[in-house]
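Student: I am attaching a structure below and will ask some questions about it afterwards.
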Amino acid sequence: MAKPRIYVTRMIPPPAFEELGRLCELEIHQSKETPPSREELLRRVADKDALICLLTDRIDGEVMEAGPNLKVIATYSVGFDHIDLEEATRRGIYVVNTPGTATDSVADFTWALILAASRRLVEADRFVRAGKWSGPWNPYLLVGKGLRGKVLGIIGLGRIGKAVAERAKGFGLKRVIYYDVVRPPKEVEERLGVEYSSLEELLRESDVISINAPLTPETYHMIDEEALKLVKPSAVLVNTGRGPIVDEEALKKALKEGRVYAAGLDVFEREPIPPDDELLGFENVIVTPHIASADEYSRELMSRMVAENVLAALSGRIPEALCNPDVVRVRPPEELKMI
Ligand code: DGY
């Protein structure tokens, strides 16, 4: 049997290539930093059985049309909003992602942003480096918001949202509330120490709002002008989910009008955010370049999981991280078997 042919849109971190390389023929876009052009992507998938992509690659019907033999599309990411799942399912293409690989890294980073934005960490660093620390100790200097007795509101109580709630236990918060379309069993809420709330109540009551939801048609611009009108002016907003969940124009307006205390943003409506974007001019906004999952452990796990799931699909098994389970009815897994 001929080896399956796989196109990989980036030189992803090890060990994926070791495992895949033994059983498959790999064609890897030779860059660690940049994706292939659209034309190149369309050309390269033409004769491939599988595609390994990143969240920077828009995988729609055009790509699937250009790769008539594609059996599996694997994304080196937890989020899969860049892939047209419906179209993939219709065509019998299995889509897999890397759930659970970034839970700790993103939850840690969410807390890094919560603390940094609340306590003005980056502003303080800039202050010292700019030579502004010239007087004696000053009790009024760079005073921020503490967390004791405060309310944390988590939007999206999936794996990452739960891990954010777990980490909240050490900060003496008064309450941790969450909003999600799916409610976990009571025992899970109790174990995490979280209470369900409507989105409106969460926005009104939270001192810290953490967005940990995926991007879906329902979450797109969930934090818009109306939502921001409900937020306390003393609240800190952190987004490590996906940029388009927040309407950035509305956020800029709220920041200008002093209706939000601070924000910590790892994701943006447009990535990379243009260097002249108004958002970068706010002293109380911390920005990072979509790196919440960027710890060595997560990167390795993501790589391993991509390889395992592609190999599972090409071995005729249902992959563990299947994003479009309905596809099994369109094309049974045995029909994908090549190894
Ligand atoms: C993901 O995995 O979806 C993150 O946004 C990048 O690791």
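The values are calculated or read from the model by the stated rules, or taken from the named source; none is laboratory data. Since we're looking at a predicted model, the values are computed, not measured. Quick reminder, even Gly has a Cβ in these numbers, built from the backbone with ideal geometry, and neighbours come from all protein chains shown.
Student: Would you please name the residue that is nearest to the ligand (Cβ to nearest atom), looking only at residues in segment 102-115 that are of a type outside the set (Gly, Ala, Ser) and out of contact with any Lys or Arg (no Cβ under 7 Å at 6 or more places or on another chain)? Full working, then the answer.
Tutor: Kept after step one, since they are of a type outside the set (Gly, Ala, Ser), are these residues of segment 102-115: 103-104, 106, 108-111, 113-115.
Filter once more, keeping what is out of contact with any Lys or Arg (no Cβ under 7 Å at 6 or more places or on another chain): 104, 106, 108-110, 113-115.
On the way: Asp104: 12, Val106: 7, Asp108: 13, Phe109: 10, Thr110: 12, Leu113: 14, Ile114: 18, Leu115: 21 Å.
If we take residues in segment 102-115 being of a type outside the set (Gly, Ala, Ser) and out of contact with any Lys or Arg (no Cβ under 7 Å at 6 or more places or on another chain), then Val106 is nearest to the ligand (Cβ to nearest atom).
Student: Also: Before we move on, is Ser118 more than 16 Å from the ligand (Cβ to nearest atom), crowded, with 19+ Cβ neighbours inside 10 Å and among the polar types (S, T, N, Q)? Break it down stepwise before answering.
Tutor: On the way: more than 16 Å from the ligand (Cβ to nearest atom): yes; crowded, with 19+ Cβ neighbours inside 10 Å: yes; among the polar types (S, T, N, Q): yes.
For Ser118, the condition - more than 16 Å from the ligand (Cβ to nearest atom), crowded, with 19+ Cβ neighbours inside 10 Å and among the polar types (S, T, N, Q) - is met.
Student: Now for a separate question. Being within 10 Å of the ligand (Cβ to nearest atom), crowded, with 23+ Cβ neighbours inside 10 Å, outside the structural domain of Tyr220 (by TED's automatic domain parsing) and of a type in the set (Val, Ile, Thr): is that true of Val78 here?
Tutor: Numbers: within 10 Å of the ligand (Cβ to nearest atom): yes; crowded, with 23+ Cβ neighbours inside 10 Å: yes; outside the structural domain of Tyr220 (by TED's automatic domain parsing): yes; of a type in the set (Val, Ile, Thr): yes.
Criteria met by Val78.
Student: Quick one: is Thr103 crowded, with 18+ Cβ neighbours inside 10 Å, modelled with pLDDT of 95 or more, hydroxyl-bearing (Ser, Thr, Tyr) and out of contact with any strand residue (DSSP E or B) (no Cβ under 7 Å at 6 or more places or on another chain)?
Tutor: On the way: crowded, with 18+ Cβ neighbours inside 10 Å: yes; modelled with pLDDT of 95 or more: yes; hydroxyl-bearing (Ser, Thr, Tyr): yes; out of contact with any strand residue (DSSP E or B) (no Cβ under 7 Å at 6 or more places or on another chain): yes.
The answer is yes for Thr103.
Student: I would also like to ask the following. Give me the residue from segment 56-75 that is within 28 Å of Arg159 (Cβ to Cβ) and surrounded by fewer than 20 Cβ atoms within 10 Å (Cβ to Cβ) and, out of that set, farthest from the ligand (Cβ to nearest atom).
Tutor: Among residues in segment 56-75 that are within 28 Å of Arg159 (Cβ to Cβ) and surrounded by fewer than 20 Cβ atoms within 10 Å (Cβ to Cβ), the one farthest from the ligand (Cβ to nearest atom) is Asp60.
Student: Do the conditions hold for Pro233, that is, is it within 20 Å of Leu115 (Cα to Cα), away from the ligand (no atom under 16 Å from the Cβ) and either crowded, with 20+ Cβ neighbours inside 10 Å or at pLDDT 95 or above (or both)? Step through it out loud before you land on a result.
Tutor: Working: within 20 Å of Leu115 (Cα to Cα): yes; away from the ligand (no atom under 16 Å from the Cβ): yes; either crowded, with 20+ Cβ neighbours inside 10 Å or at pLDDT 95 or above (or both): yes.
When the stated conditions are applied, Pro233 passes them.
Student: Out of all the residues in segment 297-319, which are under 20 Å from Val8 (Cα atoms) and among the charged types (D, E, K, R)? Before the answer, list the steps.
Tutor: Of segment 297-319, the ones under 20 Å from Val8 (Cα atoms) are 298-315, 319.
Arg299, Glu300, Arg304, Glu308 - these are the residues of segment 297-319 that are under 20 Å from Val8 (Cα atoms) and among the charged types (D, E, K, R).
Student: Oh, and also: Is it the case that Glu226 is at pLDDT 95 or above and loosely packed, with under 13 Cβ neighbours inside 10 Å?
Tutor: The answer is yes for Glu226.
Student: Next up: Looking at segment 273-302 only, could you name the residues that are outside any helix (DSSP H, G or I), within 14 Å of the ligand (Cβ to nearest atom) and not β-branched (Val, Ile, Thr)? I'd like the intermediate steps shown before the answer.
Tutor: At the first step, the residues of segment 273-302 found to be outside any helix (DSSP H, G or I) are 273-277, 282-295.
Pick out the ones that are also within 14 Å of the ligand (Cβ to nearest atom) and you get 288-295.
Pro289, His290, Ala292, Ser293, Ala294, Asp295 - these are the residues of segment 273-302 that are outside any helix (DSSP H, G or I), within 14 Å of the ligand (Cβ to nearest atom) and not β-branched (Val, Ile, Thr).
Student: Any residue in segment 30-49 that is within 23 Å of Ala213 (Cα to Cα), buried (at least 18 other Cβ atoms within 10 Å of the Cβ) and touching a Gly at 6+ places or on another chain (Cβ under 8 Å)? So that I can check it myself, show each step before the final result.
Tutor: Quick first cut of segment 30-49, residues within 23 Å of Ala213 (Cα to Cα) only: none.
No - not one qualifying residue is present in segment 30-49.
Student: Residue by residue through segment 243-272, note down the ones that are in a loop (DSSP other than H, G, I, E, B) and touching a residue at least 12 places away in the same chain (Cβ under 8 Å). I'd like the intermediate steps shown before the answer.
Tutor: Taking segment 243-272 as the starting set, the residues that turn out to be in a loop (DSSP other than H, G, I, E, B) are 247, 257-261, 266-272.
Residues satisfying the conditions are Asp247, Gly258, Arg259, Val260, Tyr261, Asp266, Val267, Phe268, Glu269, Arg270, Glu271, Pro272.
Student: Now for a different question. Suppose we keep only residues that are in contact with a helix residue (DSSP H, G or I) (Cβ under 8 Å, 6 or more places away or on another chain) and of a type in the set (Ser, Thr, Tyr) within segment 157-211. Which one would you say is surrounded by the most Cβ atoms within 10 Å (Cβ to Cβ)?
Tutor: In this case the residue turns out to be Ser210.
Student: Given the criteria closer than 21 Å to Arg259 by Cβ and out of contact with any His (no Cβ under 8 Å at 6 or more places or on another chain), does Glu205 qualify?
Tutor: Details: closer than 21 Å to Arg259 by Cβ: yes; out of contact with any His (no Cβ under 8 Å at 6 or more places or on another chain): yes.
Yes, satisfied.
Student: Inside segment 81-101, can you point out the residues that are within 10 Å of the ligand (Cβ to nearest atom) and within 21 Å of Leu311 (Cβ to Cβ)?
Tutor: Filtering segment 81-101 down to residues within 10 Å of the ligand (Cβ to nearest atom) leaves 81-82, 97-99, 101.
If the condition is that a residue be within 10 Å of the ligand (Cβ to nearest atom) and within 21 Å of Leu311 (Cβ to Cβ), then Asn97, Thr98, Pro99, Thr101 are the ones that fit.
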